[in-house]
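K.L.:
Take a look at this one; I'll ask things after.
The values are calculated or read from the model by the stated rules, or taken from the named source; none is laboratory data. The shown structure was predicted, so the numbers you read here are calculated from the model rather than taken from an experiment. Using ideal geometry, Cβ is built from the backbone for each residue, glycine included, and neighbour counts are taken over all protein chains shown.
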Amino acid sequence: MNKKLTDKEIKTVLNILENTYPEAKSELNFSNPFEMLISTILSAQCTDKQVNKVTEKLFQEYKCPKDFLSLSEEELGEKIKSCGFYKNKSKNILGTCKMLEEQYNGQVPDDRDELMKLPGVGRKTANVVISNAYKKDAIAVDTHVFRVSNRIGLADSNDVYETEMQLMNNIDKKMWSKAHHLLIFHGRRICKSRKPSCEICPINEYCLYYKDNIRE
């Protein structure tokens, strides 16, 4: 059986999702690229809601890399503890701030490869930053995007990087960033990991998972 929707079906699915989630955008609160970067590092294995709760206080006091470098790993760790994996995140954030100060004049680069040189910044985080903070076309494949896109038939891969490459190939470039948010919204609200609400899903007539597993 074909594991990918046709180009026409993919456009239809994205149109339906866009009408379903007109408010789809990053749910992390940020006002500049640096805040977006720090928030995204904190969001690993943590909800956006909890990250926003932590950064609301954090960014009032620490507004740039130099401000963060006044903290020790232990001091920063205490402030971000509720985001989980705080020791590793604290180390990476301070390492990133040090590198930003020493190599980038305190500015967050707008290039994926440059961002990926920073401690704790992988391809997904880099894509989130260039897409949201710099409005560049990119598809960040997090757990929601990976799960939902492969379930529906927008991609067909067990590999995150390969999924990203397929999505970039299967979706119009101007829709990459929007598609990222639409798939996240859909994954959080309907196409959940353990028990997707297929019966109320607005795209179930196109979804390969629904056709294979749910529909009689």
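K.L.:
Is one or more of the residues making up segment 53-65 buried (at least 16 other Cβ atoms within 10 Å of the Cβ), free of Cβ contacts under 8 Å to residues at least 40 places away in the same chain and within 30 Å of residue 168 (Cβ to Cβ)?
P.N.:
Checked against the condition, which is being buried (at least 16 other Cβ atoms within 10 Å of the Cβ), free of Cβ contacts under 8 Å to residues at least 40 places away in the same chain and within 30 Å of residue 168 (Cβ to Cβ), segment 53-65 yields at least one hit.
K.L.:
Output the residues belonging to segment 167-200 that are touching a residue at least 24 places away in the same chain (Cβ under 8 Å) and of a type in the set (S, T, N, Q).
P.N.:
Within segment 167-200, 170, 177, 193 qualify.
Results for (1) in contact with a helix residue (DSSP H, G or I) (Cβ under 8 Å, 6 or more places away or on another chain); (2) closer than 23 Å to residue 145 by Cβ; (3) not assigned by TED's automatic domain parsing to the domain that holds residue 146, shown as yes or no for each residue.
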| site | (1), (2), (3) |
| --- | --- |
| 42 | yes, yes, yes |
| 55 | yes, yes, yes |
| 60 | no, no, yes |
| 79 | yes, no, yes |
| 84 | no, yes, yes |
| 91 | yes, no, yes |
| 121 | yes, yes, yes |
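K.L.:
Conditions: (1) surrounded by fewer than 19 Cβ atoms within 10 Å (Cβ to Cβ); (2) part of a helix (DSSP H, G or I). Residue 117 meets all but one. Number of the miss?
P.N.:
Checking residue 117 against (1) surrounded by fewer than 19 Cβ atoms within 10 Å (Cβ to Cβ); (2) part of a helix (DSSP H, G or I), the one that fails is (2).
K.L.:
In addition: Determine if segment 185-192 includes at least one residue that is in a helix (DSSP H, G or I) and of a type in the set (A, V, I, L, M, F, W, C).
P.N.:
Yes, segment 185-192 contains at least one residue that is in a helix (DSSP H, G or I) and of a type in the set (A, V, I, L, M, F, W, C).
K.L.:
Counting only residues that are within 14 Å of the chain's Cα centre (by Cα) and surrounded by 24 or more Cβ atoms within 10 Å (Cβ to Cβ), how many does segment 147-163 have?
P.N.:
Final tally of qualifying residues: 2.
K.L.:
Considering 9, 35, 27, which residue is farther than 30 Å from residue 92 by Cα, acidic (Asp, Glu) and either out of contact with any helix residue (DSSP H, G or I) (no Cβ under 7 Å at 6 or more places or on another chain) or surrounded by 15 or more Cβ atoms within 10 Å (Cβ to Cβ) (or both)?
P.N.:
Result of the check over 9, 35, 27: 9.
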